[in-house]
Amino acid sequence: MPVFDLSQTPLRDLNQALHNIDDGANDTAFEVVNPRGSHAVAVGIDQPVTVDVRGSVGYYCAGMNDGGTVTVHGSAGPGVAENMMSGTVVIEGDASQYAGATGRGGLLVIKGNAASRCGISMKGIDIVVHGNIGHMSAFMGQSGHLVVLGDAGEALGDSLYEAKLFVRGSVKSLGADCIEKDVRPEHVEKLAELLAKAGVTDVKPEEFKRYGSARKLYNFNIDNADAY
């Protein structure tokens, strides 16, 4: 297993090594030590590699991930897993703003809390947060799932499209065009699947409430002008 000590080795060398991997390469597991809050760690992965980061990172860790499994044994700054395509990103600690922003696929697991705008403009990514999330989360969320075991801040799901939001705790307020919806059997099944993937074993899917779009902002309607 190649080990990159970022107190001794430039970050560019780590990311270049991850980009140089071809299908069938022997080195498919990497360890990163002493990240010391470095930005853009393990960005642009496009192969099924495994990266363990032993410490906390700065902004945009694992951005544009496409097939890799990245685990941060610490906390992450803004934009973790931004624009992720596929694969898995796990944050053992907390995540800062806009975690999983614009993500198109894959699974992001945050075992601590997530700050504001978690899942903003999500486009197919699945996000599971073991703790709480901040305000304006899933703003303009288009598709995918946001699962929150704790509480949600203000304006959850503002201007939501078709992303599905599940919150186990309380919601401070809902954003424009976001409403509570029934939890149907297919939602319970999907929740059970996501919780299992995220390593959650002591919570039942029936404990969650579902939130989604009221579908009144798709096209302008004068009767809904106050909602804009």
Quick check on residue 37: is it surrounded by fewer than 17 Cβ atoms within 10 Å (Cβ to Cβ) and of a type outside the set (A, V, I, L, M)?
yes
Failed condition for residue 47, given (1) surrounded by fewer than 17 Cβ atoms within 10 Å (Cβ to Cβ); (2) closer than 25 Å to residue 199 by Cβ, with all others met?
(1)
Filter the stretch 169-201 for residues that are within 16 Å of residue 109 (Cα to Cα), without any contact (Cβ under 8 Å) to a residue 60 or more places away in the chain and in a loop (DSSP other than H, G, I, E, B) and give the result.
201
Of the numbered conditions (1) of a type outside the set (Val, Ile, Thr); (2) over 21 Å from residue 94 (Cβ atoms); (3) touching a helix residue (DSSP H, G or I) at 6+ places or on another chain (Cβ under 9 Å), residue 40 satisfies every one except a single condition; which is it?
(2)
Would you mind stating whether residue 99 is modelled with pLDDT of 95 or more, under 15 Å from residue 130 (Cα atoms) and in contact with a Cys (Cβ under 6 Å, 6 or more places away or on another chain)?
yes
The residue from 79, 87, 103 that alone is part of a strand (DSSP E or B) and under 18 Å from residue 125 (Cβ atoms) is 87
Does residue 202 satisfy the condition of being out of contact with any His (no Cβ under 6 Å at 6 or more places or on another chain), more than 29 Å from residue 56 (Cα to Cα) and either acidic (Asp, Glu) or modelled with pLDDT under 95 (or both)?
no
Among the listed residues 176, 225, 214, which satisfies the condition of being touching a Cys at 6+ places or on another chain (Cβ under 8 Å), at pLDDT below 95 and either more than 17 Å from residue 114 (Cβ to Cβ) or surrounded by 14 or more Cβ atoms within 10 Å (Cβ to Cβ) (or both)?
214
Taking the stretch 4-57 and keeping residues charged (D, E, K, R) and either farther than 20 Å from residue 75 by Cα or in a helix (DSSP H, G or I) (or both) leaves 12, 13, 22, 23, 27, 46
Please enumerate the residues belonging to the stretch 52-65 that are in contact (Cβ under 8 Å) with a residue 24 or more places away in the chain and surrounded by fewer than 24 Cβ atoms within 10 Å (Cβ to Cβ).
56, 59
So, first residue within 14 Å of residue 89 (Cβ to Cβ) in the stretch 113-124, second residue in a strand (DSSP E or B), Cβ within less than 6 Å, six or more apart or across chains; the pairs are 114/95; 114/129; 114/133; 118/133; 119/127; 119/146; 122/144
Exactly one of 204, 190 is basic (Lys, Arg) and under 19 Å from residue 119 (Cα atoms), and that residue is 190
Note on residue 118: of the conditions (1) closer than 17 Å to residue 66 by Cβ; (2) in contact with a strand residue (DSSP E or B) (Cβ under 7 Å, 6 or more places away or on another chain), unmet is (1)
Taking the stated definitions as given, is residue 196 buried (at least 21 other Cβ atoms within 10 Å of the Cβ) and within 25 Å of residue 94 (Cα to Cα)?
no
From (1) in a loop (DSSP other than H, G, I, E, B); (2) surrounded by 20 or more Cβ atoms within 10 Å (Cβ to Cβ), pick out the condition that doesn't hold for residue 135.
(2)
Regarding the stretch 15-23, can at least one residue be identified that is crowded, with 16+ Cβ neighbours inside 10 Å, at pLDDT 95 or above and not polar (S, T, N, Q)?
no
Which of the residues spanning the stretch 102-135 are touching a helix residue (DSSP H, G or I) at 6+ places or on another chain (Cβ under 7 Å) and under 16 Å from residue 160 (Cα atoms)?
126
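The values are calculated or read from the model by the stated rules, or taken from the named source; none is laboratory data. Keep in mind that what you see is a predicted model, and the values were worked out from it rather than measured. Neighbour counts run over all protein chains shown; Cβ positions are idealised from the backbone, glycine included.
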